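Notes for the one structure printed next.
The values are calculated or read from the model by the stated rules, or taken from the named source; none is laboratory data. Computed from a predicted structure; not experimentally measured. Cβ: placed from backbone, ideal geometry, glycine included. Neighbour counts: every protein chain shown. Please note that ligands, DNA and RNA were not included when accessible areas were found on the heavy atoms of the full protein model with its side chains. Shrake-Rupley method; radii C 1.70, N 1.55, O 1.52, S 1.80 Å.
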Amino acid sequence: MSTTHREPQALDVLDDAGRKLLFTEARTANTFAETAVTDGELAMIWELARWSPSAANGQPLRALFVRTGEGKERLARHLDEGNREKTLQAPAVAVLAYDVDFHEQMPTVFPARGEMLRAAFTDQTEKRETLAGYNSALQTGVFLLAVRAAGLAAGPMAGFDKAGVDAEFFAGTGWRSHLVVNIGHPGADPWFPRLPRVPVEDAIAWA
């Protein structure tokens, strides 16, 4: 019996411009220009973000894109006071949530074991909540990179009344909000001074 030898696949390396865009020079924006964020740009963000890894490919992250003045007013009243004005100013806002009923999608996203996983999770609401929260946080990091990759700036904020947002926008669903992200082109004086990173010797170990 003959076997075919295959060389390991060589992966591309992100160039310096890409590293700056996504990582080393990327910042959290606090002001936004009036330039509109288009449907195509928001679709591009999601198209990139949805390829994030998640346990058993469960993909619990959900996004509500808020762009109308009425929608932002409804959202702003549930935000901490210091977050309201910049959210009203931002051309687009993403309310990121996790779906505690993500298991209903398992036959679609994990065909080989989907029915078994859906049945196993049906009566385990608390476990689903924990898994959905963790995996949506993982996906959220990729979502922020996707915003940057689309040539836009992100302003993530956790300062809001989650129960209030859920009642306002997600009543009757399994969605639970966990982060609000302002999205747009940077406005006037958008960046706070760059803060230090944890020293490398305190952050990594070798074995």
Within the range 1-57, take every residue that is touching a residue at least 60 places away in the same chain (Cβ under 8 Å) and farther than 29 Å from GLY184 by Cα and give me the one that is nearest to the chain's Cα centre (by Cα). ALA55
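Tell me, please, whether a residue that is in contact (Cβ under 8 Å) with a residue 60 or more places away in the chain, of a type outside the set (S, T, N, Q) and touching a Lys or Arg at 6+ places or on another chain (Cβ under 8 Å) can be found in the range 194-201.
Within the range 194-201, the first condition is being in contact (Cβ under 8 Å) with a residue 60 or more places away in the chain, and the residues that meet it are 194.
Imposing the further condition that a residue be of a type outside the set (S, T, N, Q) reduces the set to 194.
Next, from what is left, pick out any that are touching a Lys or Arg at 6+ places or on another chain (Cβ under 8 Å): 194.
Yes.
Here's the yes/no breakdown for (1) within 20 Å of ALA49 (Cα to Cα); (2) at pLDDT 95 or above; (3) open to solvent by 40 Å² or more (accessible area, probe 1.4 Å):
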position: HIS103; (1), (2), (3): yes, yes, no
position: THR108; (1), (2), (3): yes, yes, yes
position: MET116; (1), (2), (3): no, yes, yes
position: THR122; (1), (2), (3): no, yes, yes
position: GLU126; (1), (2), (3): no, yes, yes
position: ALA132; (1), (2), (3): yes, yes, no
position: SER136; (1), (2), (3): yes, yes, no
position: GLY141; (1), (2), (3): yes, yes, no
Can you run down the residue pairs with Cβ atoms below 7 Å, 6 or more apart or on separate chains, where the first is in the range 71-95 and in contact (Cβ under 8 Å) with a residue 24 or more places away in the chain and over 22 Å from ILE45 (Cβ atoms) and the partner is of a type in the set (Phe, Trp, Tyr) and open to solvent by less than 60 Å² (accessible area, probe 1.4 Å)? HIS78/PHE160; ASP80/PHE160
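Looking at VAL142, VAL147, which one is aliphatic (A, V, I, L, M), farther than 17 Å from ASP99 by Cβ and part of a helix (DSSP H, G or I)?
Values: VAL142 fails: farther than 17 Å from ASP99 by Cβ.
Only one candidate passes the filter, namely VAL147.
Can you tell me which of ASN182, ASN135 is within 30 Å of LEU88 (Cα to Cα), touching a Phe, Trp or Tyr at 6+ places or on another chain (Cβ under 8 Å) and not in a helix (DSSP H, G or I)? Break it down into steps so the answer makes sense when it comes.
Values: ASN135 fails: not in a helix (DSSP H, G or I).
The conditions single out ASN182.
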Checking the condition more than 17 Å from the chain's Cα centre (by Cα) and under 27 Å from THR38 (Cα atoms), which residue from PHE169, PHE110 passes? PHE169
Report every pair of residues separated by at least 6 positions or lying on different chains whose Cβ atoms are under 6 Å apart, first residue within the range 97-114 and in contact (Cβ under 8 Å) with a residue 40 or more places away in the chain and farther than 24 Å from VAL165 by Cα, second open to solvent by 40 Å² or more (accessible area, probe 1.4 Å) and of a type outside the set (Lys, Arg). VAL109/ASN57; VAL109/GLN59; PHE110/ALA56; PHE110/ASN57
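Just checking, how many residues over the range 162-194 are over 17 Å from LYS86 (Cβ atoms) and either at pLDDT 95 or above or surrounded by 11 or more Cβ atoms within 10 Å (Cβ to Cβ) (or both)? Before the answer, list the steps.
Taking the range 162-194 first, the residues over 17 Å from LYS86 (Cβ atoms) are 162-164, 166-178, 193-194.
With either at pLDDT 95 or above or surrounded by 11 or more Cβ atoms within 10 Å (Cβ to Cβ) (or both) added as a condition, the list becomes 162-164, 166-178.
Count: 16.
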Selection from the range 93-119 of residues that are among the hydrophobic types (A, V, I, L, M, F, W, C) and closer than 16 Å to ASN135 by Cβ: LEU96, ALA97, VAL100, PHE102, MET106, VAL109, PHE110, LEU117
